[in-house]
Amino acid sequence: MYNEIKLFAGSGCPELAQKISNYMDIPLSGWDIIQFPNQNIFVRLHGSVRGQDVFLIQSHAIPLHTNIMEMLIAIDCLKRDSAGRVTVVVPYLAYSQSDKKDQPRVPISARLLADMIEAAGADRWITVDLHSSQIQGFYKIPGDSLTAFHILVSYFKKKKLDGVVVTPDLGFAKRGRNFAEAVDLPLAFVEKRRVGNENVRLALTLIGEVAGKDVIIVDDMVDTAGSMKQAVELVKANGARDVYLSFEHPVLSDPAIERLSKLPIKEIVTTDTLPIAPDNMLPNMTILSVSEMLGEVILRSHEGRSVGELFNE
């Protein structure tokens, strides 16, 4: 057991960190994060963390590499002040799509990031909905890979839709099936194929029936919204009624907001693992918070209680 909990909020998700703090009724600890004109980052704590159980909350939001480097420097700062344990809480973990060598002469960046977090001195890690579960094996230190699946499923179950769950590609089929079973709806798939000699994949075929049904298109993240755009257009062309999007991580790189704003979507349901700028909030967006889940996991980790029990596992 360690001394009391200390919570620190990085620059990547200050609003989410504050919600976690409010849920736990533990104030965020003070520190200065300074970026000098030469873009070097400097971190200075306002008080001692010697022997404390420290949780650093930092999502890998844009500016991505600034936030990653800030996280690593903050871990080093906390360890050098003799923190009893440092757990890095990363609601959205970057580079999770680069988890294997799927072509010659390329890196495995997810493994590199894991090595950097360990080298900086983190003792544990917590994240939400890894793009690939195998990334857990890249870490020698223990961690908790959580999911917002239950939060999204609970929201859609209340709607009692007469619909179909659709995955935007076959790679998400397993998780899509789990979602469909949880909301008690049938499942359909979008099949993509490479066209010509270019590295371009187009949604060409819909496997399943959506005519006259509401459709929930599920994925783990939306980046530029290219796949979602194709999936929405395909299900609408096949007679879908209202279309809903459900995903955990709102990366929303350009031109995602422009694309989503022009699509015939009833509702976009996502979480606050990444902050969404006010200018990018669309009228049909619903943001579900992961703050209570993360706050409860932090408490259980500190007290040495099972995290699996939280999800009936």
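The values are calculated or read from the model by the stated rules, or taken from the named source; none is laboratory data. Predicted model only: the values in this text are computed from it and were never measured. When we count neighbours, we look across all protein chains shown, and the Cβ atoms used for this are built from the backbone with ideal geometry, even at glycine. Each accessible area value is taken on the protein alone, full model and side chains, heavy atoms only, with ligands, DNA and RNA left out. Shrake-Rupley method; radii C 1.70, N 1.55, O 1.52, S 1.80 Å.
Remarks
- Note on the stretch 82-109: among residues that are assigned to a strand (DSSP E or B) and either acidic (Asp, Glu) or under 15 Å from the mean Cα position of the chain (by Cα) (or both), the one that is farthest from Val251 (Cα to Cα) is Val88.
- If only residues of the stretch 204-220 that are open to solvent by 20 Å² or more (accessible area, probe 1.4 Å) and on the phi < 0 side of the Ramachandran plot are counted, the one that is modelled with the lowest pLDDT is Leu204.
- Residues within the stretch 7-31 that are polar (S, T, N, Q) and open to solvent by less than 40 Å² (accessible area, probe 1.4 Å), tallied: 2
- Meets criteria (assigned to a loop (DSSP other than H, G, I, E, B) and within 18 Å of Val290 (Cβ to Cβ)) for Gly12: yes
- Selection over the stretch 37-49 of residues that are small (Gly, Ala, Ser) and open to solvent by less than 50 Å² (accessible area, probe 1.4 Å) gives a count of 1.
- Test result for Thr286, open to solvent by 30 Å² or more (accessible area, probe 1.4 Å), among the polar types (S, T, N, Q) and either part of a loop (DSSP other than H, G, I, E, B) or touching a helix residue (DSSP H, G or I) at 6+ places or on another chain (Cβ under 9 Å) (or both): yes
- Extreme residue, least open to solvent (accessible area, probe 1.4 Å), among residues of the stretch 168-181 that are in contact with a helix residue (DSSP H, G or I) (Cβ under 8 Å, 6 or more places away or on another chain) and at pLDDT 95 or above: Phe179
- Single condition Ile34 does not satisfy, out of (1) within 24 Å of Val251 (Cβ to Cβ); (2) exposed (fewer than 15 other Cβ atoms within 10 Å of the Cβ); (3) β-branched (Val, Ile, Thr); (4) touching a strand residue (DSSP E or B) at 6+ places or on another chain (Cβ under 7 Å): (1)
- Taken together, the criteria place Lys229 among residues that are in contact with a helix residue (DSSP H, G or I) (Cβ under 9 Å, 6 or more places away or on another chain), over 23 Å from Lys19 (Cβ atoms) and crowded, with 16+ Cβ neighbours inside 10 Å.
- Counting the residues of the stretch 140-159 that are more than 23 Å from Thr271 (Cβ to Cβ) and either within 18 Å of the chain's Cα centre (by Cα) or in contact (Cβ under 8 Å) with a residue 40 or more places away in the chain (or both) gives 0.
- Failed criterion for Gln52 (all others in (1) over 17 Å from the mean Cα position of the chain (by Cα); (2) open to solvent by 30 Å² or more (accessible area, probe 1.4 Å) hold): (2)
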